[in-house]
Structure formats: structure tokens, C-alpha cells
Amino acid sequence: MKTTSRQRTKVHLPKNHRRARTTENGNGHEPGSQSAPSLSAGLAAWLAKPKRNLIGGKWVAAASGKTFEVFNPADSSVIAQAPDSDREDINRAVAAARRAFESGPWRRMTPSERGKLVWRIGDLILKHADELAELESVDNGKPRAVARVADVPLAADLFHYMAGWATKIEGNTIPISVPGFHAFTLREPVGVVGQIIPWNFPLLMAAWKLGPALATGNCVVLKPAEQTPLSALRLGELLLEAGVPEGVVNILTGFGETAGAALAAHDDVDKIAFTGSTEVGKIIVRAASGNLKKVSLELGGKSPNIIFKDAGDLEAAISGAANAIFFNHGQCCCAGSRLMVERDIFDDVVAGVAEHARKIKLGPGLAADTQMGPLVSEEQLKRVTGYMHQGKQAGACYVTGGERSGDRGYFVKPTVIKDVNPKMSIVREEIFGPVVVAEPFTKPEELIPRANQTPYGLAAGVWTRDIGKAHCIAAELRAGTVWINCYNIFDAALPFGGYKQSGWGREMGHAVLELYTQSKAVVIGP
Ligand code: NDP
């Protein structure tokens, strides 16, 4: 077996930089002050088994025999080797998916049987919830407790919700004005779907993609992110256990520039669904143009979270603003990373959010008292601390945080910044870390243009007890989701996606069915 280390085109890290040096430090806020509990025996045993791709119902090594290292971001230790798939593996997986779509039992399965199968996947996720939460924690860095109450149950919920749709994919009868003719539409699966997902919610993103694809009868080739390939592989085992026929779901680990690019460009893939950066989203669109495959995109964000002085319970608004940016270490496409506060209460809100930030307990995801784990990778650590540095150089004021925490693992201090201006990169660009910029506003008429002054349009928050104002602001914001007096509320039934450069299409809810089906008009002559 050959092993490749992570090589990225965007940020190149020499191999010896990928593992952080180990030095303990004594600050109670800092991660080095506690040691992580060891893995459960069950997960340790699973991790020790060789990792393979799932192609055509079989677990197989990459055609090249290459693997890459998977790290625990809390201490940079190598926890597994995953197949380093390339074009040849993608070709094999797409061929398996095509066979399954054209001639396998999947096509003959009734909607009811398909729905029950998708439901079983949700059940199996719940049955293995503890194990999946632990796996997600060591692979991604997030606190196990958070994965256990958020990522894992939401993933199960998605499959349960989508299971119900399998029997409700309906066409219409159309009263055409051609005498004697009868017309109707069928909604049919798109075919072979390529799915490329990111590392911030690895299991949940796999569920968001696989649930609707399976409920609507498609076949899939899924590529998880190189940083977090493991929960997708474990999910693949559960899919087989649930009875997903061979070739219906193929899961390949590897790098975006090789496996991902080959999947996006493949001529026998009918649709590509992508979640990740806007930059790569544009690459996907270009790659998909060869055979004009359908494309759906869930991309980045720089979401405004607006607090008015009539927010009522200011403590709730402050804690909501802290949750909006610090949940999942700020590694959320919809993170409330621009905090816009009415001037009269600006100082109180900023002080309150900073207080929340200082109290957050950093640590390894497996430690019971950890509230925020490390960032996912050294690349992401460099990216986030790079933005922190740029903000300082541009003259912004750091109320709290603004630097790495410790020098072991990829931890950064939750950060609150003020005295910013719209030219600063920290105000314009997606940082994807626990970093919020706070800006005061005075006049409502200046607020909306400023809130919308971003190429993104994924989400927004509004805190006010004036219901009329809330409706007006929600209508004016150019964002796919607006949360009022709350933030980060997700539900499998609620469509999620972006305006502007935050994406194409909506995930979840019945809206997502549009992305995975196509309409066929049938006309019957007299
Ligand atoms: P990417 O957009 O690079 O990664 C997302 C997925 O796309 C991964 O599976 C990745 O593969 C794959 N990919 C990368 N390049 C290509 C390509 N040329 N063709 C096909 N697939 C590709 O995000 P990063 O991990 O680089 O993170 C960078 C920034 O992106 C973050 O800081 C954040 O701003 C944003 N982001 C947004 C997310 C969202 O939810 N909207 C999620 C993650 C990141 P690989 O396995 O090699 O990473």
C-alpha cells in the first residue's frame, strides 16, 4: 500500500506541518489543560480495520492501492488510512451505479418498499447513535455530545422524513386543449447522481444528499471530504444492512482535485449535487458543462444577524448571537458571522457575546466538558488565523480571542471583533471559524443595504419583538433562510439553500424532490 499525505492546491502545507507539535499549556480556557478520554473499544476496533470504498455492493481498495491519512484534529494523530480514489475508481463506481439504475432490482422496487428501506436507514442510524457520534467527534473534532444531540439524530430524521416521500412522488393530469387527447406527467428519477460533501457535518451532509436521492429512486456515487471520510464509510455499512441493493449507493473517499473533479466531469453522471465553498462550486459548474448534467449547489455564506433594541429579552438575543457564530466552531455555511446591532445597545451586546466567548470550554471532542473542539484541519487553522491576522493589520479591535489556542491540535479562541469597515476581508469573506465581526447601525434605511451587501445569501437572523418590523425585514433580506428571534433552527421538512452565490436549489423539505426528479409529459392520442 502506498500512502499519500494531504496535498491541497489552495493551501500547501509541508508534511511536517500537518502534525502539530505537542506542548501542554496551563490556561484553563485552553485545550492542552485536559487529556482526552480514550476511544471506546468498539470504535477502536472499527478504526483498526482497513478502510475500503463501497463500489457495486463490495468493499474494495482504490485501484491504485493508494491511501491517505485521516487525522484526529484534537491532537493530529492518525486514526485511519482511507482509499485515495482517482478517476479509475470513479469510473468503476459510476458504471456500478449505472448498472444498478438501468437493470438492478432498485428499479423494480415499489415506492412502498423503497420508502421502508429509507426508513430503516434512519432506524439504524439511531441504533448506532452513540458510536456514530463518537466517530464524528474524532474525525471532525466536534464535541461528541453535540454530535449525539444534533448531527446524528438530524441525520436519522432526514431519512425518516424522506422515507415518507417515496410513495408521494406524483405527476399531474393536464387538461390540454387538443380535443380527444389525454395528457399527464410522470416524475421520474434523474438517474446516476454524483454527490460531493464537505467536512463540517460529515454524516448529516451525507444524509441530506442520500435521503432524497434514494427516496426518489436514483443511484448515487458519494464522495465525502478528505478531512472526514469515516462516517460516510460507516454509513455505507448501515446502508447495506438496511438492504440497499448493490450499486445503488457507491461511496469513494479521496481528494477533490482528483476523485471529486472526475465525478463532476463524468459523462455518464446525470446530476451533481455539491456542498462546499463557492470557489469550488464554480469549478463544479464548469466541470458539469461537458454533458450538461444537472447541478445543485449549497455554498458559502456571510450571514447578517441583526439585533434591534426592541429585542425584548436581550440576554436571549446575546446568547442567540453567540450560538449563531460559535455553534460547530463557526464552521457552518449559515454562521451568523456579521453581527449588526442597533447602536443604543451595541456595547452591551458586544460585551455579552464576548463574555459568552470567553466562557466556552475548548477541548478534545471526546472530553465530556468540551463545548468547542478544534477546527477540522491544519489548513483550516491557518485559514482562520490568517483572517484574524488580516483583521488586526487592518485596524479592527479584538474584544476577545483573535489567536490560536495552545499549540496542540487545531484550536482557536472564540473571537469577537468590532471597529470594522466593509473593506476588510474579515467583513467581506467567509472565515468559517468562530469569528464574528460586530457593527452598529442607527437608521433602519441603512441597515438593509448593508445586510445585503455581500455576494452571499444563505441565511440571516433578526431579533425584535415588533412583529411588523420582523415581517418587513424578513421580506427585504436576500437570504434563503431568515430566523426571527432564533438562529440555527433546522428541520428535515424545511427547505435550506441560498440566494445569490450561496447556491442553486434547496435541500430538504419537498423542495429537494425537484432536484432529484424530472418531469415527463405523456400524451395519449384518441
Ligand atoms: P471545498 O469546497 O474545497 O470542499 C468541499 C468538497 O468539495 C470536498 O469534498 C472537497 O474534496 C471537494 N472538492 C474540492 N475541490 C474539488 C474539485 N476541484 N472538484 C470536485 N470536488 C472538489 O472546501 P474546503 O474544504 O477547501 O474549505 C474551504 C472553505 O470552503 C471553508 O473555509 C469554507 O469557507 C467553505 N466551506 C463551505 C461549506 C459549506 O457548508 N457551504 C463546507 C466546507 C467548506 P476534499 O475531500 O479534497 O476536500
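The values are calculated or read from the model by the stated rules, or taken from the named source; none is laboratory data. This one's a predicted model, so the numbers in the text were calculated from it and none came from an experiment. All Cβ positions, glycine included, derive from the backbone under ideal geometry; neighbour counts span all protein chains shown.
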* Residues located in the stretch 313-327, provided they are surrounded by fewer than 22 Cβ atoms within 10 Å (Cβ to Cβ) and either within 16 Å of the ligand (Cβ to nearest atom) or at pLDDT below 95 (or both) -> F327
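Residues checked against (1) near the ligand (Cβ under 10 Å from one of its atoms); (2) in a loop (DSSP other than H, G, I, E, B); (3) of a type outside the set (A, V, I, L, M):
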residue: G171; (1), (2), (3): no, yes, yes
residue: L186; (1), (2), (3): no, no, no
residue: W199; (1), (2), (3): yes, yes, yes
residue: M205; (1), (2), (3): yes, no, no
residue: V220; (1), (2), (3): no, no, no
residue: L233; (1), (2), (3): no, no, no
residue: V244; (1), (2), (3): no, yes, no
residue: D268; (1), (2), (3): no, yes, yes
* Structure fact -> Here, strands (runs of 3 or more DSSP E) confined to the stretch 40-129 with at least 1 residues that are within 27 Å of the chain's Cα centre (by Cα), modelled with pLDDT of 95 or more and within 29 Å of Y161 (Cα to Cα) are 53-55, 58-60
* Asked: Among the residues of the stretch 446-458, is any at negative phi and assigned to a strand (DSSP E or B)?
  -> no
* Structure fact -> For L135, the lone unmet condition from (1) of a type outside the set (G, A, S); (2) touching a residue at least 60 places away in the same chain (Cβ under 8 Å); (3) closer than 15 Å to A213 by Cα is (3)
* Asked: Mind checking which residues of the stretch 117-153 are polar (S, T, N, Q) and touching an Asp or Glu at 6+ places or on another chain (Cβ under 9 Å)?
  -> N140
* Asked: Got a sec? Which of V285, V353, V341 is more than 10 Å from the ligand (Cβ to nearest atom) and surrounded by fewer than 22 Cβ atoms within 10 Å (Cβ to Cβ)?
  -> V285
* Extreme residue, farthest from A166 (Cα to Cα), among residues of the stretch 482-526 that are assigned to a strand (DSSP E or B) and either polar (S, T, N, Q) or within 16 Å of the ligand (Cβ to nearest atom) (or both) -> G503
* Restricting attention to the stretch 461-477, and to residues there that are buried (at least 18 other Cβ atoms within 10 Å of the Cβ) and part of a loop (DSSP other than H, G, I, E, B), which single residue is nearest to the chain's Cα centre (by Cα)? -> L477
* To do: Determine which member of the set Q227, Q195 is in contact with a Lys or Arg (Cβ under 6 Å, 6 or more places away or on another chain) and within 11 Å of the ligand (Cβ to nearest atom).
  => Q195
* When you look at T400, is it in contact with a strand residue (DSSP E or B) (Cβ under 6 Å, 6 or more places away or on another chain) and under 17 Å from C332 (Cα atoms), yes or no? -> no
